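Taken together, the values in this text are just the output of simple stated rules run on the coordinates, not laboratory data. Keep in mind it's a predicted model, so treat the numbers as computed, not measured. Here the Cβ positions follow ideal geometry from the backbone for every residue, glycine too, while neighbour counts run over all protein chains shown.
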Amino acid sequence: MPLVVMCGYPCSGKTRRAEELKAHLEQNPGRRVHVVGDAALDVHRNTVYADSQKEKDVRAALKAEVERKVNKDDIVILDSLNYIKGYRYELFCLTKHAQTPHCLVYCLTSDEQSSSWNACRPAAEQYTQDIFDALVLRFEAPDSRNRWDSPLFTVLKDDVPPFEAISDALFKRKAPPPNQSTQSQPLSSVNFLYELDKITQDVLMAIFNAQKTSVPGDLIPVPGATEKIELSRSVNMAELRKLRRQFISYTKTHPTENTGQISNMFVQYLNKSLH
């Protein structure tokens, strides 16, 4: 189902608007809405946004979580800064691959207003002024002329979000057609691609989380596998995602009937590729 991408300065009201939109969408019985955001990853914003590599890893983890949750039944709201247009384009490509509509909700505030709201937060939740200023400086505002930023809904601080218009964009608009680079070839098993995607994503998240407390040389257990990941160095999410795509591309053309072996196959592939 559709993806809603929140966008805006730090402390521009994105989380509040995401919760308001979630409450509105869930008024329809049986409709499930997932909010994916920095809070779920326990992100310490000043540490992450002061380190470009850590920031890339967090963006990759958020995108991976969105990719895992996007399906034919649920709605996903990505509640993060999403301030880089190249990243928003990647999310757009993800929706093309999933053949589901998306929209962008832009919480538009002045940097003075956002800075004021930041100062009102508890000290542990505030951005430092240096980090706040750097993020505002790097912010790439969405433009509805770009297909990855459209349809675009701009919400000012005193506005009531256009809930009905957003709902129409999500449920009455056709999904973007897949192109050759995003369309998968049909597989013999209906459930195989789902299992392949879910299992490999679970392995990546296990590695990503384990690296927070492990050191190079540790053996990392992963769900569903009898074998363990042998990491001789720290590996970022971008590299892991690249290896995952390569593994999936190969496995889709050489599917196994025993989906219980996917975890071990992927672990073996990673161990060979990372050494």
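Here is the list for the range 1-73: trypsin sites (Lys or Arg not before Pro) lying in DSSP coil, each with at most 14 other C-beta atoms within 10 angstrom of its C-beta, are ARG31, LYS72. When only alpha carbons of the range 203-268 are considered, Rg and Dmax amount to 12.2, 36 Å.
Across all Cα atoms of the range 1-57, the radius of gyration (one decimal) and Dmax (whole number) stand at 13.9, 43 Å.
Build a GNM of the chain with springs between Cα atoms under 10 Å: which of LYS172, LYS85, LYS198 gets the top mean-square fluctuation? Maximum among the listed residues: LYS172. Extension gain, ASP130 to ALA210, is 25.8 nm, computed as 0.36 nm per intervening residue step minus the present C-alpha separation. Below 24 Å, Cα to Cα, which lysines can LYS63 reach? Residues fewer than 8 away in the same chain don't count. In chain and number order, the partners are LYS14, LYS22, LYS54, LYS72, LYS85, LYS96, LYS174, LYS198, LYS212, LYS242, LYS252. Ranking ALA39, PRO29, LEU193 by how far each Cα lies toward the positive end of the dipole of the chain (charges on Cβ) leaves LEU193 at the top. Taking 0.36 nm per residue of separation and subtracting the Cα-Cα distance, full extension of the segment from SER234 to ARG16 would add 74.9 nm. The dipole here belongs to the chain: it is taken about the Cα centre, uses +1 on the Cβ of Lys and Arg and -1 on the Cβ of Asp and Glu, and is about 760 debye. Going 7 Å from the Cα of LEU137 in the Cα-to-Cβ direction, what parts of the range 1-43 have a backbone nitrogen less than 19 Å from that spot? In the range 1-43, the label zone of LEU137 (backbone N under 19 Å from the point 7 Å along Cα→Cβ) covers 9-11. Of the GluC sites (Glu not before Pro) found in the range 215-269, the ones in coil according to DSSP and having at most 10 other Cβ atoms within 10 Å of their Cβ are GLU257. Stokes-Einstein, applied to the Kirkwood radius of the chain over Cα pairs at a viscosity of 0.692 mPa s and 37 °C, places its translational diffusion at 163 µm² s⁻¹. Only helical runs count toward this figure. For the chain, summing -39,500 (n - 2.57) over DSSP H runs of n ≥ 4 and dividing by all residues gives -14000 deg cm²/dmol at 222 nm. Based on Cα contacts under 8 Å between residues 6+ apart, the chain shows a relative contact order of 22 percent. FRET efficiency for the GLN53 to LYS157 pair, using the beta carbon distance and R₀ = 41 Å, is estimated at 0.80.
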